[in-house]
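A.B. asks: Structure below; questions to follow.
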Amino acid sequence: MALYLLYESASGYGLFLAHGIDEIGQNTEAVRNSVVDLNRFGKVVKLAAFNPFESALDALNQCNAVSEGQMTDELRNFLELSLPKVKEGKKPKFSLGVADPKIGSHIYEETKIPCQSNEFVLELIRGVRLHFDRFIENLKPGDLEKAQLGLGHSYSRAKVKFNVNRVDNMVIQAIFLLDTLDKDVNSFSMRVREWYSWHFPELVKIVNDNYLYAKLAKFINDKSELSEDKLDGLVDILGDEDKAKEVIEAAKASMGQDLSPVDLINVQMFAQRVMDLAEYRKKLYDYLVAKMSDIAPNLAALIGEVVGARLISHAGSLTNLAKCPSSTLQILGAEKALFRALKTKGNTPKYGLIFHSSFIGRASAKNKGRMARYLANKCSIASRIDCFSEGSGTSFGDKLREQVEERLDFYDKGVAPRKNIEVMKAAMENAANQEMEVENGSEPSSKKSKKKKSKDNGEAKTDDKENNTVTNGDAAETKSGKKKKKRALEEEETEAATENGKENGTEKKKKKKSKDVVMEDVSAVSEGKKKKKKKSAAE
């Protein structure tokens, strides 16, 4: 039985025919020794057909299909044209050797070509890979390496789904730096307080904020030079005139010792460094908020940017966080307490990093564990939506946050929350509306402005409609035609209603008149009868 080998290279599909397999006896050791020598291997394996890829994109698509175990139309056509045709009802006298058993089973299901994948076939394919450039004619040296390098980069990029705006590593580094900056700014500001308190100790009790203290230390410099002239500058820094006057009064009666100009310059320089670090910390926080809105918008909308970034950094990546069940996410960050509880057979922790969320703090003491479990559930849903969905809206995050708020009200006041199905349907509708708005661009705003103009100017309605029909095409013409027909029908109905009303009114008036006439006749007849009775009685 003849053995064909399918080799998927970076430049195209290759089909090789292996001769003399029966003589070798399918001994893997013999094949392994003969693979290195081209003279011996070339006598056994020869090129039968070669189908080059059309472009780099085509090569990437074929490589993705082969890696997933799928046979493309190009591969099917190549095999049907290159392999011997099999008559119906007869067994084929050949078999196809493939490297991956998955694609072999798929080829057999689709084309009924028998495929095999074993150590012997893999050794032969290894030899084909080693000497592939010798089998293909007119192949320049270095072309195959370039094709392999380009396909490797594109395949890896497609597998990773590389997106510059959704790299969660930046969030991990930013939150680590933010925590480090918080510690450094606090320690440096304490050092400024201790250093400047030798000169002006009363300022510590007046100003509690570290950033403002560093600013004042740089602005005041020497307390003996502080006077009413600097009141405006102090008011600009503190934002309170009473505090500024209190600082001036304290400087006049200060018990601190005098410092030399060199010491004051060093204090000023260090205070400036602390101010720069505090300002950079604010910018870094803004950067973190912006990155979280790109990477995990729903998680940020649900639990906040800082807590969400801490969860991502502790899990290692957004993908790892999405893979975590809600029970793991609930105690993420409390691993020491968990293992201590398991070791001592005590109570396990109820929450980890999500304790810093405002929802846990707002819950009562007996409901904190329930709230942590419910919040972890919603956080796991939000992280999975952010990780695996292509959209970047916050509709799901906002709805999940509403659910958590409703759950808080349920625990505190007993108000029944909405069902999860209803909330998710509303979130999906909002997401679809946002996508439609993004696709339409600025159409809704233009429509609103046109409506306002048409309300203000009654005569300009027809001109605007004509312009819209010209710009929008046939669809707009049909819409305007339908609107005109509807308006005409409504006008006809209103006219018919008014006419019917008028007719009914005249008929009613006639009936009333006729009734009045009848009543007058009846009264006249009764009066005549009474007169006759009186006359008869008088006679």
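A.B. asks: Within the range 41-63, can you find the residues that are touching a residue at least 60 places away in the same chain (Cβ under 8 Å) and more than 23 Å from residue 121 (Cβ to Cβ)?
C.D. replies: 56, 59, 60
A.B. asks: Let me ask something else. As an exercise: evaluate residue 198 against (1) open to solvent by 70 Å² or more (accessible area, probe 1.4 Å); (2) of a type in the set (A, V, I, L, M, F, W, C); (3) in contact with a helix residue (DSSP H, G or I) (Cβ under 7 Å, 6 or more places away or on another chain) and give the number of the one condition it does not meet.
C.D. replies: Here residue 198 clears every test but (3).
A.B. asks: Are any residues in the range 71-109 touching a helix residue (DSSP H, G or I) at 6+ places or on another chain (Cβ under 6 Å), closer than 19 Å to residue 155 by Cα and not aliphatic (A, V, I, L, M), and if so, which ones?
C.D. replies: Answer for the range 71-109, where residues must be touching a helix residue (DSSP H, G or I) at 6+ places or on another chain (Cβ under 6 Å), closer than 19 Å to residue 155 by Cα and not aliphatic (A, V, I, L, M): just 72.
A.B. asks: Looking only at the range 100-145, filter to residues that are of a type in the set (Gly, Ala, Ser) and crowded, with 18+ Cβ neighbours inside 10 Å; which one of those is nearest to residue 75 (Cα to Cα)?
C.D. replies: If we take residues in the range 100-145 being of a type in the set (Gly, Ala, Ser) and crowded, with 18+ Cβ neighbours inside 10 Å, then 104 is nearest to residue 75 (Cα to Cα).
A.B. asks: Let me ask something additional. For the range 354-402, name all the residues that are under 15 Å from residue 310 (Cβ atoms) and open to solvent by 30 Å² or more (accessible area, probe 1.4 Å).
C.D. replies: Matches in the range 354-402: 355, 356, 358.
A.B. asks: I'd like the residue in the range 412-448 that is small (Gly, Ala, Ser) and part of a helix (DSSP H, G or I) and, out of all such residues, is modelled with the lowest pLDDT.
C.D. replies: Filtering first and then ranking leaves 446.
A.B. asks: Here is a follow-up. With respect to residue 405, is the statement that it is acidic (Asp, Glu) and either in contact with a Cys (Cβ under 6 Å, 6 or more places away or on another chain) or under 23 Å from residue 296 (Cβ atoms) (or both) true?
C.D. replies: Yes.
A.B. asks: Output the residue which, of all residues in the range 301-349 that are in contact with a Gly (Cβ under 6 Å, 6 or more places away or on another chain) and in contact (Cβ under 8 Å) with a residue 40 or more places away in the chain, is farthest from residue 393 (Cα to Cα).
C.D. replies: Result: 302.
A.B. asks: Somewhere in the range 288-300, is a residue open to solvent by 20 Å² or more (accessible area, probe 1.4 Å), among the small types (Gly, Ala, Ser) and within 20 Å of residue 399 (Cα to Cα)?
C.D. replies: Just the residues of the range 288-300 that are open to solvent by 20 Å² or more (accessible area, probe 1.4 Å), to begin with: 289-291, 293-294.
Those still in the list that are among the small types (Gly, Ala, Ser) too: 290, 293.
Cutting the leftovers down to within 20 Å of residue 399 (Cα to Cα) gives us 293.
Yes, some residue in the range 288-300 is open to solvent by 20 Å² or more (accessible area, probe 1.4 Å), among the small types (Gly, Ala, Ser) and within 20 Å of residue 399 (Cα to Cα).
A.B. asks: Select the helices (runs of 4 or more DSSP H) contained entirely in the range 67-159, then report the ones holding at least 2 residues which are touching a residue at least 12 places away in the same chain (Cβ under 8 Å) and farther than 21 Å from residue 43 by Cα.
C.D. replies: In the range 67-159, 73-82, 101-111 are the helices (runs of 4 or more DSSP H) which contain 2 or more residues that are touching a residue at least 12 places away in the same chain (Cβ under 8 Å) and farther than 21 Å from residue 43 by Cα.
A.B. asks: May I ask you to list the residues in the range 146-156 that are closer than 14 Å to residue 11 by Cα and surrounded by fewer than 11 Cβ atoms within 10 Å (Cβ to Cβ)?
C.D. replies: Answer for the range 146-156, where residues must be closer than 14 Å to residue 11 by Cα and surrounded by fewer than 11 Cβ atoms within 10 Å (Cβ to Cβ): there is none.
A.B. asks: For the range 62-81, which positions are open to solvent by less than 20 Å² (accessible area, probe 1.4 Å) and among the small types (Gly, Ala, Ser)?
C.D. replies: 65, 69
A.B. asks: What are the residue pairs meeting all of these: first residue in the range 191-206, first residue more than 16 Å from residue 226 (Cα to Cα) and of a type in the set (D, E, K, R), second residue open to solvent by 10 Å² or more (accessible area, probe 1.4 Å) and assigned to a helix (DSSP H, G or I), Cβ atoms under 8 Å, and 6 or more apart or on different chains?
C.D. replies: What qualifies is 191/270; 193/204; 193/210.
A.B. asks: Related question: Residue check: is residue 5 in a strand (DSSP E or B), in contact (Cβ under 8 Å) with a residue 40 or more places away in the chain, open to solvent by less than 60 Å² (accessible area, probe 1.4 Å) and hydrophobic (A, V, I, L, M, F, W, C)?
C.D. replies: yes
A.B. asks: Which pairs turn up if I take residues in the range 241-254 that are free of Cβ contacts under 8 Å to residues at least 60 places away in the same chain and within 16 Å of residue 215 (Cβ to Cβ) and look for partners that are among the aromatic types (Phe, Trp, Tyr) and not in a helix (DSSP H, G or I) with beta carbon separation below 8 Å, at least 6 apart in sequence or on another chain?
C.D. replies: Short answer, once both residue conditions are applied: 251/200.
A.B. asks: Suppose we keep only residues that are over 25 Å from the mean Cα position of the chain (by Cα) and open to solvent by less than 80 Å² (accessible area, probe 1.4 Å) within the range 343-353. Which one would you say is farthest from residue 306 (Cα to Cα)? Spell out how you get there, then give the answer.
C.D. replies: Restricting attention to the range 343-353, the residues satisfying the condition of being over 25 Å from the mean Cα position of the chain (by Cα) are 343-351.
Add one more test, that the residue is open to solvent by less than 80 Å² (accessible area, probe 1.4 Å), and what stays is 346, 348-349, 351.
On the way: 346: 31, 348: 25, 349: 22, 351: 17 Å.
Going through the qualifying residues, I end up with 346.
The values are calculated or read from the model by the stated rules, or taken from the named source; none is laboratory data. Everything numeric here is computed off the predicted structure, so don't read it as measured data. Here Cβ is always computed from backbone atoms with ideal geometry, including for glycine, and neighbour counts include all displayed protein chains. The protein model used for the area step is the full one, side chains on, heavy atoms only, and it has no ligands, DNA or RNA in it. Shrake-Rupley method; radii C 1.70, N 1.55, O 1.52, S 1.80 Å.
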